[in-house]
Amino acid sequence: KDYEGTGDLNTGYLMLDNHLANNLRLVWGARIENYHQQLKAINQETQDYNNTDILPSANLTYSLTEKTNLRASYSRAVNRPEFRELAFFRYYDYENEFYISGNPNLQRSLSSNADIRFEFFPGAGEIFSASLFYKHFKDPIEQINQGNDVLSFSNAEAATDFGAEVEVRKNLGFIGGGKIFKGLTFYTNAALIHSEVELDNVNAKTPLQGQSPYLVNSGLAYVSSNHGFSINLLYNKIGQRLRFRGENDGLDTYEKPRDVVDFQIGKKLLGNAAELKLSIADIYAQPIALYYKYPGTDKTSFNPANDKVINALKPGTTFSIAFKYNFMSHRNR
């Protein structure tokens, strides 16, 4: 065994729900967490970490109408290092061809989060919402390049995230055309995000590691309650994201965006006691590609004229068939 690790989390919380007026509601409180983490390895000193954090939160809701809300919220959160990020040992990442080394001096990261949100519920199961958000991170955890194909983990000074998000879920029965459109629902969630990270008191003006500048989740769902038939078509895309920072201000490595399309079809059988599903995941199977970002533009998106793909992996398309049978449902018939 390379090491042994234990983690003990003790928590408590207090929450209050106050109706300040007929159309104004405040839900607020705080959560206290004590986390004791310990790692032991042969011929190494025991690594011991003990932190107590108070994490307040508040959500203020103003009901403009019976179907419309305006929300404002604030919360504080904690992101703790994983055992492998703290452990003082090295292992090989076969997928990216790097050695990964832990950092015993890694600290937990704290974040303050605020957002304002408009919500409209036009019908049952339908929603339209738009929000603005802001996040500030203290000591965010990032993976760093130590050179000689070795990656480790370190705390940056600080980082910020801000952006906008839109969510829509709408039944298409208003189009007409009979039962087909009544059983069809369109939904989407999209966000634009800007982030900057401060490294050693220098504003790097690069995104947080793993943070995309945009994301889109969308889909169509069809349900025929009379025939027990359902179809789901899903689409997902995230923008380019920083995978590895360059060594000594060298070339940063980014991951290219890729379109992911999933499809699922299901049918209830035996009086709804059973269900058969066919799923196809990642239909396009576009490669997961990493590229060096060369100087010459402030944008992080891939520029085929200057940037260079250094690693590409094609995950392939996955087909699966599942059959589920509910014995209790059959017995209760």
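One table, with the values for the structure above:
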read-out	value
Over the stretch 153-196: Kirkwood hydrodynamic radius from C-alpha pairwise inverse distances, Å	13.8
HIS194 accessible area, 1.4 Å probe, all protein chains in place, Å² to nearest 10	80
Length-normalised contact order for the stretch 84-135 - Cα pairs under 8 Å, 6+ apart - percent	27
Under 5 Å, built H, 5+ apart or other chain: amide partners of GLY246	ASP252, THR253
Sequence ranges 43-56, 271-284, ranked by mean other-Cβ count within 10 angstrom, highest first	271-284, 43-56
Translational D in µm²/s for the chain (Stokes-Einstein at 4 °C, 1.567 mPa s, Kirkwood Rh from C-alpha pairs)	54
Relative counts (whole %) of C-alpha pair distances in the stretch 228-271, using bins that are 5 Å wide	6, 16, 14, 12, 10, 9, 9, 6, 7, 4, 3, 2, 1, 0
Violating pairs (Cα-Cα greater than 30 angstrom) within the set LYS135/LYS277; LYS256/LYS324; LYS67/LYS324; LYS135/LYS237; LYS237/LYS308; LYS170/LYS268	LYS135/LYS277; LYS256/LYS324; LYS67/LYS324
Relative contact order [Cα under 8 Å, 6+ residues apart], the chain, whole percent	8
Mean separation of Cα contacts under 8 Å, 6 or more apart, over the residue count of the stretch 9-119: relative contact order %	21
Cut-off 20 Å, label 7 Å out along Cα→Cβ of ASN226, residues of the stretch 266-301 by amide N	266-273
Nonlocal amide H pairs with ALA158, under 5 Å, H built at 1.01 Å	ASP139, GLU198
Per residue accessible area of the chain, 1.4 Å probe, in Å²	61
Normalised convex hull volume, the stretch 158-242, alpha-carbon set, Å³ per residue	99
Ranked by how many other beta carbons lie within 10 Å on average, peptides 170-176, 151-157, 86-92 from highest	151-157, 86-92, 170-176
Kirkwood Rh and Cα Rg combined as Rg over Rh, evaluated for the stretch 1-137	1.16
Share of carbon and sulfur in the accessible heavy-atom surface of the chain [1.4 Å probe, %]	54
PHE120 - accessible surface, heavy atoms, 1.4 Å probe, Å² rounded to 10	80
Rounded to whole Hz, the Karplus (6.51, -1.76, 1.60) HN-Hα couplings of the stretch 45-54, x for glycine and proline	5, 5, 8, 10, 10, 9, 10, 10, 10, 9
LEU9 - accessible surface, heavy atoms, 1.4 Å probe, Å² rounded to 10	90
Computed Kirkwood radius, in angstrom, where 1/r is averaged over Cα pairs of the stretch 214-333	17.6
Using a Förster distance of 41 Å, the FRET efficiency for ALA190-LYS40 (Cβ separation, nearest 0.05)	0.35
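The values are calculated or read from the model by the stated rules, or taken from the named source; none is laboratory data. Computed from a prediction, not measured in an experiment: that's the story for all the values here. Neighbour counts are summed over all protein chains in view; Cβ atoms, including those assigned to glycine, are modelled from backbone coordinates with ideal geometry. These accessible areas exclude ligands, DNA and RNA; they are computed on the full protein's heavy atoms, side chains included. Shrake-Rupley method; radii C 1.70, N 1.55, O 1.52, S 1.80 Å.
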